[in-house]
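Single-structure report; data block below.
The values are calculated or read from the model by the stated rules, or taken from the named source; none is laboratory data. Treat the numbers as computed from the prediction; the structure is a model and nothing was measured. Don't worry about glycine lacking a Cβ; one is built from the backbone with ideal geometry, like all the others, and counts go over all protein chains shown.
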Amino acid sequence: AWGARVFDHSGMTEMGPYAFECLEAPGGLHVNETEFIAEIRDPASGEIRQDGAGELVLTNLGRWGAPLIRYRTGDLVSVNPKGCACGSNFIRLEGGIRLIRNRWSNHPDELLEVIPPFHSSRLRLPWIRTRSS
């Protein structure tokens with residue numbers, strides 16, 4: 001609508017927003033490295049590196065009340081070692097972000113999967129509908 005461009009970003013409750021979509025080269029996310037140190041952890045070896053594919057590990061620099069140091073996000077990312085066409089010095093996450101650990105997605109179907117099975121007369125959650133309803 002209104003001719004507005006839509007931009008993606010990535011963040012998490014415990015870390016805050018840490019990456020934003022590139023204006024000149026959409027499809028990749030730049031990590032805000034003025035507020036975060038981003039590292040890539042090889043899931044097989046545990047080795048930490050600055051580029052390639054692996055688990056995103058973040059350290060926040062601006063949350064003094066709740067610092068997270070080398071926080072393993074559980075997100076599998078790919079970093080382009082050549083940088084971005086826009087010329088930014090911030091690292092660029094490419095190819096989307098994929099979870100490598102189970103994380104909560106806040107969809108009601110997932111809630112029903114983790115609640116132990118109850119007889120329907122014992123557990124009524126009227127505000128939850130399945131995807132088919």
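Residues of the range 47-61 being farther than 13 Å from residue 91 by Cβ, touching a residue at least 40 places away in the same chain (Cβ under 8 Å) and either out of contact with any Ser or Thr (no Cβ under 8 Å at 6 or more places or on another chain) or not in a strand (DSSP E or B) (or both), which ones?
60
In the range 27-66, which residue that is within 14 Å of residue 79 (Cα to Cα) and basic (Lys, Arg) is surrounded by the fewest Cβ atoms within 10 Å (Cβ to Cβ)?
Among them, the one singled out is 49.
Give me the residue from the range 62-99 that is on the phi > 0 side of the Ramachandran plot and not in a strand (DSSP E or B) and, out of that set, nearest to the chain's Cα centre (by Cα).
70
Let's see how each residue does on (1) at pLDDT 85 or above; (2) under 23 Å from residue 8 (Cβ atoms):
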position	(1), (2)
22	yes, yes
31	yes, yes
34	yes, yes
56	yes, yes
72	yes, yes
91	yes, yes
101	no, yes
106	no, yes
121	no, no
